[in-house]
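This report refers to the structure that appears directly beneath it.
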Amino acid sequence: MTLAGCLTLAAALFSLGVYGLLTRRQAVAVLVSVELMANAANLCFVAFSRFRGDVTGQALAVFALALTVAEVAVGLALVILLYRAHGDTRVDLASEMKQ
Amino acid sequence: MEGTFFMVLAACALVPAWLAVRGANLIHAALWLGASLLATAAVYAMLGASFLAGVQVLVYVGGVITLMIFGVMMTRRHEGLVALAESRHQGRAAAIAVTLFAVIAQAINATDGLDAPLSAPVSANGSALGRALVVDHVLAFEALSLLLLAAIVGAVVIARRRDPPDAREAEVPS
Amino acid sequence: MTAHLLSIIVAAPALAALVVLLLPSSARLAIRVASLAGALVSLAGSVVALASYDRHAGGLQRVEDVALVPSMGIHLRLALDGWGGPLLLLTGIIIVAGVAASWTLASRDKEYFVLLLVLVAGVFGVFVSQDLMVFFLFYEVAVLPMYLLIGIWGASHAVPAKGPFARAWRVFSVGDKQYAAMKLTLMLLVGSAAILVAIFAMYIGAGARSFDLADLAAAHFDRRMQLWAFPLVWLGFGTLAGVFPFHTWSPDGHASAPTAVSMLHAGVLMKLGAFGVMRIGMVLLPEGATAWMPVVGGVAALNVLYGAFCAMSQSDLKYIIAYSSVSHMGVVMLGAATLTPEGWNGAVFQMVAHGIMTGLFFSLVGLVYERAHTRSVPLMGGFAHVMPGVAAFFTLACLSSLGLPGTAGFVSEFLVFLGAWHSGHYAWAIPGVVGAFITAIYVLRGTRAIFWGPGPSERFHALTDARGTEWVAPIMLGVCLVLFGLWPRVILDSIDTGTTAWLARLLAVGGNAL
Amino acid sequence: MSPASSFALVAVLAPALAALVLAALPALRRQGTPAAMLCIAGSLGAFGAALAALSRLAHTHTPETWSRPWLQAAGLSLADVGVRVDGTSAPMLVVVTLVALCVQVFSLGYMHGESREAFGRYFAYHALFLFSMNVLVVSPNLLQLFAGWELVGVTSYLLIGFYYRKPEAAHAAVKAFWVTRFADMGLLFGLLALFTASGSFGWEAQLSPAVATFVTLMLFLAVVGKSAQFPLHIWLPNAMEGPTPVSALLHAATMVAAGVFLVVRAAPLFAQSETTRAVMLVTGSVTALFAACLALVQTDIKKVLAYSTCSQLGYMVAALGAGSVFGGFFHLTTHAFFKALLFLAAGSVIHAVHSNEIGKMGGLARRMPLTGGAFIIGALALAGVPGLAGFFSKDLVLEAVEGKLGSLPWIALLATAFLTAFYMGRVVFVAFFGAPANDHAAHAKEHGWSMRGPLVLLATLSVVVGYFGGDLAHLGGHAYHFHFTGGAALASGLGLAGIGLAYAVYGRGPREAPAIIATVDRIAQSRAVNRFYEFGFRRVTLVAADALAWIDRYVVDGLINMTGYVTLALGSRARKIQTGEAPDYVLAVMLGVVAMAAWVVVQ
């Protein structure tokens, strides 16, 4: 098990997240993709923490986790709002700013 | 042995991730995400971050995924659990994702000294992490707690059902 | 108390603005009294500052220095120099007259007075700052409130254009106050951007981590840098001074602005531009200035004639005055471009003279417009019969505008032409003199059309002469116009002190580079 | 400060004070009569001070100057203001203040019918005029002279436009101002060149020939405008729209003479340029003859006198061009008195007859003996009848011109003398003799003493002032002694012949104009010179102004507006990138991330 392996895994997860982000239209699905990407970033933190022998990376990962939770909470609230406004949760419906 | 185990875990993380971003059923997608996150938690544990692994399981798999499933259930009728018309920009997205991965992989490859086996874990218990959190980075910690509070209040405010007059207004197509 | 005279002059309008802000908008009299008090304090301070300026010692006096950003060498450094005193006095006179002229304003008066006072605090600040960055900040403070003042309290389409100009009204929405405000602000901001580039170039070029004007003047800038930085300063500040071809904001802006704003803008703000070109561009960048002088002077001579001809063709009274400002600001730039003591004295004197004169013009136009509800000259006629006082003061302003001896306009124009001729630039002096003649044609034509002749027609029978506070602005400005014309040394002594010091150095440094 | 210059200063400041009080106290001005009294008191003070200064000068014979720095640059004084009392300014000061005083007293009666507000305004203008004229007269340098010059121009503008509700008066006022202002550009250029060459505005500088010619030609341009010389004479006839006393004061006696005064003042400069003097000689004689011809055919009594003034100013200019400074100055002095007299007498007649047309007068000598007598004395003096003031000065002019430039100017001036006598005779015979043309003329009567007194005084002076030529010359350091020569006999003979011819033609009542005069009339009606200027103004200047204004609005401002439109157009193009759909932004972000990462890797 090497740092390179961990990082490659993280890169793969992140790229999958990007793929999802770009293809998905459902708001919840978009959130899922974002979670994947955040998770990949966290993996990097932890891996580097181990690599450097320093606990700061883990601390950052904890913070990032907390941030993610906040993000999901707000994100889901927005999804509900979107649903109320449009009866659907496709993000491309939320295009009022275009006008 | 360890390498093989890592490979297995990596596969356990990637395959559910693929299913999560491709799956047509949103409930399933959320559950697959949970599976991927669990595998990642296992990697954390392998990397000696057992506390973080625990948090990952508790917060993510226990909390976030549940939230998501609730979210899906609240916003979709049963027949609509299947996500429709998810096939936009497949090729473009795939190209970008692959390029991104290739670029990063290339960067990892090109960097020396990453292939050495990782050293011993930093600390067996959570005391070092605890000190880092509430001693070294206490300011960030407090700020984050504030942020969480704000996010929760904000989420409540956003999702709250409006008062009747406003609600009526919202019904009127703009 | 007097040790901080300059701070008091600058702060008084700002404090008055604060007080007005705290007053309820229903307390209309209190708002006016507070504004007037702020303006009067500044005016009194300016008079004291000018009177107590030691003309023999010269240089910077009453220096006040507070470090603002020590790490970058930005200081709030105020000091009075030879030019500052007369220009402070001009600003003080115009703001008092402007507040008096706004006495009868009806809508949103609280906000109006706040903006007016903030603006004028910026103007005062510019004239006494000895730190380039602070100078620039004050400059922006002075320029930006204009947008709101014109956009909110301005007038749209007071005189719908006829003939070939109707098209411009339709296509460009010329004559609309939002258009005027936007055009003015955008053009001046583009100018500011150019100035800022030059300011940073000077700051870095001097290498002394100081924005102090004296330090920058002592620094020796690379000649190539000066050659590109000077046009930036010239056109940047010059936009506000109405330098051709960046003058077009001025007619539209002045025509749409309310009375006191026109007074302040044409009377004082345009001077900030010319002051900037001279005080920053020419004094700090001597080699660039000497190299570019042929262009500056040529454009200025063009300005004089061009503005005069354009004014002759207008039928809207405010446009006539606004184009005459373009023409007269050309005289300022012409004087500056001569690089002679006469020319520079004339340029600074013209700033004061034109400021007072155009303030008088706009205050009277405001009075006429308030009563007649039109600014279209062809519709008027015979007004002298119903408003003799206004007619008399208007004639006085006209006479100063055409450079009649005994009014301030003569002193400045004569000095400028003398400087131009003396420096051998006949090609500048001749358009200047001819421009003064053209001015005589259009101002007297305007006077005749408005005030003379039979009439007034039925619709103007109820017009009255100025009343009460409306007299304050015309009398104050008219008296100053004649006083400075008869005894120019009231301000010329002080101006000369500044000119002598800066010009000697400019010629010593820039002259070698020629 | 010496006594003479203090007196001169008082002469300047007394009317200034009156003007200031009248300007500062509108309430007093609107009272009418008190304002007039104040103004007359100022003039009286000025006249007294001028007399005192003159007598003081006659006593000491040393010019005195008092001055203070006025303008400065680089710590040095550029120009001073002050007073200078010498043989030129002191007599001129007396002439100006005396004529002004007479005119103001006369105006008390003449302007009586005006409203009180207009009455006060009229006298305020008069006080301002006297101040300006005195500033001009006593100036110690050409810059102050220029200041006074312009100020009298403005007062002239105000006074011509006094009846501002009359469109003709309004038109005449601006025309006068524009024409003189146009010419004043010359004075300005002359001053600029003079200062550049000599470093001062004094008139005693030694200049190189080219500069001297330029400076003096430029100064002379201003003289042409102010003294209504051909071809800038066009404003003077129009200026008769002003009240008649104003015409007497400004457009006959004092202001138009300022041009001549300028040449007298700057004589040391003019002495340095042969070319300029030749130009002056030609201009002066052409104007004299040309204006005299036009005077022949005028039917408006004031216009006859206006053209006569042009013509006489041509005399003075010709004398100066011929090098006789004193000749010009002497004629200026005598002309001031008899022309003021003529105008005031004409005013008295107009006031009685309510018309300017000589055809509507007739037989007035019997109805108004004093006015008629005064007018006839003035006419005789103007015609150069021996023994009257005009004879001496005119003779001096002719003597100076004789033999210059192939004697052509001399012949022109002699012809002018003949024509002058003829047209004055015409006016006298038509207006004052024969039968009254209408009821007004038949019932005309003399006015009060305020109008008669000045006539008597001026008539007396018109008779006697010619005999003071020697003293005047002595004051100015010139040599002059009258001796009756053949030229004088010829001139006075021509004058008498002119009067005789006038009697032959007009003496026995109105009759058809002779064919030659009708021809002149037709030429005058074409207003060729005026039409030339009108073309220049309407078809050239105004068209150029409209063209420039169009360019400003559509080309210069068009470029600015186009910048705005291009920005907006680019913006609305760029707006299409902003789809408002989140995935598109994500895509953009991702592309950016990939690009940046790739960049880092490639590096």
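Table: residues versus (1) open to solvent by 20 Å² or more (accessible area, probe 1.4 Å); (2) under 15 Å from the mean Cα position of the chain (by Cα).
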site: A:Ala11; (1), (2): no, yes
site: A:Phe14; (1), (2): yes, yes
site: A:Val18; (1), (2): no, yes
site: A:Ser33; (1), (2): no, yes
site: A:Leu36; (1), (2): no, yes
site: A:Ala41; (1), (2): yes, yes
site: A:Cys44; (1), (2): yes, yes
site: A:Phe48; (1), (2): yes, no
site: A:Arg52; (1), (2): yes, no
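Quick grid of which residues meet (1) within 12 Å of chain D (Cβ to nearest Cβ); (2) free of Cβ contacts under 8 Å to residues at least 12 places away in the same chain; (3) part of a helix (DSSP H, G or I):
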site	(1), (2), (3)
C:Ala440	yes, no, yes
C:Leu463	no, no, no
C:Val479	yes, yes, yes
C:Thr500	yes, no, yes
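Filter the range A:54-66 for residues that are facing chain B (nearest Cβ under 7 Å) and assigned to a helix (DSSP H, G or I); which is nearest to B:Leu147 (Cα to Cα)?
A:Ala66
Scanning the range C:486-514 for residues that are of a type in the set (Gly, Ala, Ser) and out of contact with any Pro (no Cβ under 7 Å at 6 or more places or on another chain), which turns out modelled with the lowest pLDDT?
Among those residues, the one meeting the criterion is C:Ala513.
Is the range C:161-170 home to any residue that is in a loop (DSSP other than H, G, I, E, B), out of contact with any strand residue (DSSP E or B) (no Cβ under 7 Å at 6 or more places or on another chain) and either under 23 Å from C:Thr239 (Cβ atoms) or touching a residue at least 12 places away in the same chain (Cβ under 8 Å) (or both)? Spell out how you get there, then give the answer.
First pass over the range C:161-170, keeping only residues in a loop (DSSP other than H, G, I, E, B): C:161-162.
Subset that is out of contact with any strand residue (DSSP E or B) (no Cβ under 7 Å at 6 or more places or on another chain): C:161-162.
With the extra rule that they be either under 23 Å from C:Thr239 (Cβ atoms) or touching a residue at least 12 places away in the same chain (Cβ under 8 Å) (or both), the set shrinks to C:161-162.
Yes: the range C:161-170 contains one or more residues that are in a loop (DSSP other than H, G, I, E, B), out of contact with any strand residue (DSSP E or B) (no Cβ under 7 Å at 6 or more places or on another chain) and either under 23 Å from C:Thr239 (Cβ atoms) or touching a residue at least 12 places away in the same chain (Cβ under 8 Å) (or both).
From (1) open to solvent by 60 Å² or more (accessible area, probe 1.4 Å); (2) farther than 30 Å from C:Leu305 by Cα, pick out the condition that doesn't hold for C:Leu483.
Against the list (1) open to solvent by 60 Å² or more (accessible area, probe 1.4 Å); (2) farther than 30 Å from C:Leu305 by Cα, C:Leu483 comes up short only on (2).
How many residues does the range B:1-31 hold that are open to solvent by 80 Å² or more (accessible area, probe 1.4 Å) and either closer than 17 Å to A:Leu9 by Cβ or not assigned by TED's automatic domain parsing to the domain that holds B:Thr66 (or both)?
Adding up the residues that qualify gives 6.
Which residue out of D:Ala258, D:Ala193 is under 29 Å from D:Phe123 (Cα atoms), small (Gly, Ala, Ser) and part of a helix (DSSP H, G or I)? Give the derivation first.
Details: D:Ala193 fails: under 29 Å from D:Phe123 (Cα atoms).
None of the other options fit; the residue is D:Ala258.
Counting only residues that are within 20 Å of B:Thr99 (Cα to Cα) and facing another protein chain (nearest Cβ under 7 Å), how many does the range A:27-38 have?
Qualifying residue count, the range A:27-38: 2.
Any residue in the range D:172-185 that is facing chain C (nearest Cβ under 10 Å) and under 22 Å from C:Gly432 (Cβ atoms) sitting within a Cβ distance under 8 Å of a residue that is acidic (Asp, Glu) and open to solvent by less than 20 Å² (accessible area, probe 1.4 Å)? List the pairs, counting only those 6 or more apart or interchain.
D:Asp184/D:Glu150
Quick check: anything in the range D:375-382 open to solvent by less than 10 Å² (accessible area, probe 1.4 Å) and either polar (S, T, N, Q) or part of a loop (DSSP other than H, G, I, E, B) (or both)?
no
Spot the failing condition for C:Gln350; the list is (1) open to solvent by 10 Å² or more (accessible area, probe 1.4 Å); (2) in a helix (DSSP H, G or I), and only one is missed.
Failing condition for C:Gln350: (1).
Looking at the range C:442-461, which of the residues that are within 9 Å of another protein chain (Cβ to nearest Cβ) and outside any helix (DSSP H, G or I) is surrounded by the most Cβ atoms within 10 Å (Cβ to Cβ)?
C:Trp452
Please report, ordered by residue number, the helices (runs of 4 or more DSSP H) entirely within the range D:264-356 with at least 2 residues that are surrounded by fewer than 22 Cβ atoms within 10 Å (Cβ to Cβ) and either more than 18 Å from the chain's Cα centre (by Cα) or modelled with pLDDT under 90 (or both).
D:267-270, D:274-297, D:325-353
Please determine, by comparing only the residues of the range C:414-429 that are in contact (Cβ under 8 Å) with a residue 24 or more places away in the chain and open to solvent by 10 Å² or more (accessible area, probe 1.4 Å), which one is nearest to the other protein chains (Cβ to nearest Cβ).
Ranking the candidates gives C:His422 first.
One line per residue, one yes/no per condition, for (1) touching a Lys or Arg at 6+ places or on another chain (Cβ under 7 Å); (2) hydrophobic (A, V, I, L, M, F, W, C):
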position: C:Met278; (1), (2): no, yes
position: C:Gly281; (1), (2): no, no
position: C:Leu317; (1), (2): yes, yes
position: C:His328; (1), (2): no, no
position: C:Thr338; (1), (2): no, no
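Can you tell me which residue among A:Arg90, A:Arg24 is within 14 Å of chain D (Cβ to nearest Cβ), in contact with a helix residue (DSSP H, G or I) (Cβ under 8 Å, 6 or more places away or on another chain), open to solvent by less than 20 Å² (accessible area, probe 1.4 Å) and among the basic types (Lys, Arg)? Outline the logic, then answer.
Numbers: A:Arg90 fails: open to solvent by less than 20 Å² (accessible area, probe 1.4 Å).
So the residue among A:Arg90, A:Arg24 that is within 14 Å of chain D (Cβ to nearest Cβ), in contact with a helix residue (DSSP H, G or I) (Cβ under 8 Å, 6 or more places away or on another chain), open to solvent by less than 20 Å² (accessible area, probe 1.4 Å) and among the basic types (Lys, Arg) is A:Arg24.
Pairs please, first residue from the range D:455-480 and in contact (Cβ under 8 Å) with a residue 60 or more places away in the chain and more than 23 Å from D:Leu344 (Cα to Cα), second anywhere and open to solvent by less than 70 Å² (accessible area, probe 1.4 Å) and among the β-branched types (Val, Ile, Thr), Cβ atoms under 6 Å, 6+ apart in sequence or on different chains.
Close Cβ pairs satisfying both conditions: D:Gly476/D:Thr88.
Residues of the range C:320-344 being open to solvent by 10 Å² or more (accessible area, probe 1.4 Å) and within 18 Å of C:His254 (Cβ to Cβ), which ones?
Of the residues in the range C:320-344, the ones open to solvent by 10 Å² or more (accessible area, probe 1.4 Å) are C:320, C:339-342.
If the condition is that a residue be open to solvent by 10 Å² or more (accessible area, probe 1.4 Å) and within 18 Å of C:His254 (Cβ to Cβ), then C:Ile320 is the only one that fits.
When you look at A:Thr2, is it open to solvent by 20 Å² or more (accessible area, probe 1.4 Å) and at the interface with chain B (Cβ under 7 Å from one of its Cβ atoms), yes or no? Spell out the reasoning first.
Details: open to solvent by 20 Å² or more (accessible area, probe 1.4 Å): yes; at the interface with chain B (Cβ under 7 Å from one of its Cβ atoms): yes.
In short, yes.
Hey, can you tell me all the residues within the range D:410-436 that are in a helix (DSSP H, G or I), open to solvent by 10 Å² or more (accessible area, probe 1.4 Å) and more than 21 Å from D:Val520 (Cα to Cα)?
Correct list: D:Trp410 only.
Do you know which residues across the range C:72-94 are over 17 Å from C:Val123 (Cβ atoms) and hydrophobic (A, V, I, L, M, F, W, C)?
Hits for the range C:72-94 are C:Met72, C:Ile74.
With C:Gly125, C:Gly59, C:Gly82, C:Gly73 as the choices, which residue is modelled with pLDDT of 90 or more and either touching a strand residue (DSSP E or B) at 6+ places or on another chain (Cβ under 7 Å) or open to solvent by less than 50 Å² (accessible area, probe 1.4 Å) (or both)?
So the residue among C:Gly125, C:Gly59, C:Gly82, C:Gly73 that is modelled with pLDDT of 90 or more and either touching a strand residue (DSSP E or B) at 6+ places or on another chain (Cβ under 7 Å) or open to solvent by less than 50 Å² (accessible area, probe 1.4 Å) (or both) is C:Gly125.
Has the range C:374-397 got at least one residue that is more than 22 Å from the chain's Cα centre (by Cα), within 11 Å of chain D (Cβ to nearest Cβ) and free of Cβ contacts under 8 Å to residues at least 24 places away in the same chain?
Yes, because at least one residue in the range C:374-397 is more than 22 Å from the chain's Cα centre (by Cα), within 11 Å of chain D (Cβ to nearest Cβ) and free of Cβ contacts under 8 Å to residues at least 24 places away in the same chain.
Within the range D:116-169, restricting attention to residues that are of a type in the set (Phe, Trp, Tyr) and open to solvent by 20 Å² or more (accessible area, probe 1.4 Å), which residue is nearest to the other protein chains (Cβ to nearest Cβ)? Explain how you work it out, then say what you get.
Looking only at the range D:116-169, we keep the residues that are of a type in the set (Phe, Trp, Tyr), and these are D:119, D:122-123, D:125, D:129, D:131, D:146, D:149, D:157, D:162-164.
Subset that is open to solvent by 20 Å² or more (accessible area, probe 1.4 Å): D:125, D:131, D:163-164.
Numbers: D:Tyr125: 11, D:Phe131: 10, D:Tyr163: 10, D:Tyr164: 4 Å.
The qualifying residue nearest to the other protein chains (Cβ to nearest Cβ) is D:Tyr164.
Given the conditions (1) of a type outside the set (A, V, I, L, M, F, W, C); (2) assigned to a helix (DSSP H, G or I); (3) surrounded by fewer than 24 Cβ atoms within 10 Å (Cβ to Cβ), and given that C:Lys271 satisfies all but one, which numbered condition is not satisfied?
Going through the list (1) of a type outside the set (A, V, I, L, M, F, W, C); (2) assigned to a helix (DSSP H, G or I); (3) surrounded by fewer than 24 Cβ atoms within 10 Å (Cβ to Cβ), C:Lys271 breaks only (3).
The values are calculated or read from the model by the stated rules, or taken from the named source; none is laboratory data. Every value quoted in this text rests on a predicted model; they were computed, and no experiment measured them. Heads up, the Cβs are rebuilt from the backbone with ideal geometry, glycines too, and the neighbour counts pull from every protein chain shown. Surface areas here come from the heavy atoms of the whole protein model, side chains and all, with no ligands, DNA or RNA. Shrake-Rupley method; radii C 1.70, N 1.55, O 1.52, S 1.80 Å.
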